[in-house]
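The values are calculated or read from the model by the stated rules, or taken from the named source; none is laboratory data. For clarity, every value in this text was computed on a predicted model and none was experimentally measured. Here the Cβ is made from the backbone with ideal geometry for all residues, glycine too, and neighbour counts use every protein chain on show. Accessible surface areas use protein heavy atoms only, side chains included; no ligands, DNA or RNA. Shrake-Rupley method; radii C 1.70, N 1.55, O 1.52, S 1.80 Å.
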Amino acid sequence: MAQGSALQDHINDQARTAGRLLDLRIRMKTYEGVCEMVSHGVGIGILPQSVAKRYRRRHSYATLLLTDAWARRQLCLCFREWKVLSAPMQRLLTHLGTSQGKPNVSS
């Protein structure tokens, strides 16, 4: 993916953590561009599973599910101040970020 994309940054961080640097020869700006490149045999790509499934209908390529811990991204919900959020928004965030009944909120 293009330099600065969230997915590419994640992959670069994981490579650095493993003590490696990626030697990228081609960068694509879109997921569809990656899929088209792969379908023409130009290289490989790392994509979210949902994207790979969606474009596989249009482009011909095989997929392999990555199961290593580095392939799982941690996502977080961001907001300015908990106390100024509406009650419905607090409930939604509590529901989405709950770990054993308590929201994991840090400032």
Looking only at the range 1-13, filter to residues that are open to solvent by 50 Å² or more (accessible area, probe 1.4 Å) and not in a loop (DSSP other than H, G, I, E, B); which one of those is modelled with the highest pLDDT?
D13
Checking K53 against (1) closer than 30 Å to H95 by Cα; (2) basic (K, R); (3) exposed (fewer than 11 other Cβ atoms within 10 Å of the Cβ), the condition it does not meet
(3)
Out of the range 63-96, which residues are open to solvent by 90 Å² or more (accessible area, probe 1.4 Å), over 18 Å from the mean Cα position of the chain (by Cα) and among the β-branched types (V, I, T)?
V84
Check the range 21-33 and report whether any residue there is among the acidic types (D, E) and open to solvent by less than 70 Å² (accessible area, probe 1.4 Å).
yes
Of the candidates D13, D9, D23, the one satisfying the condition of being of a type in the set (D, E) and over 15 Å from the mean Cα position of the chain (by Cα) is D23
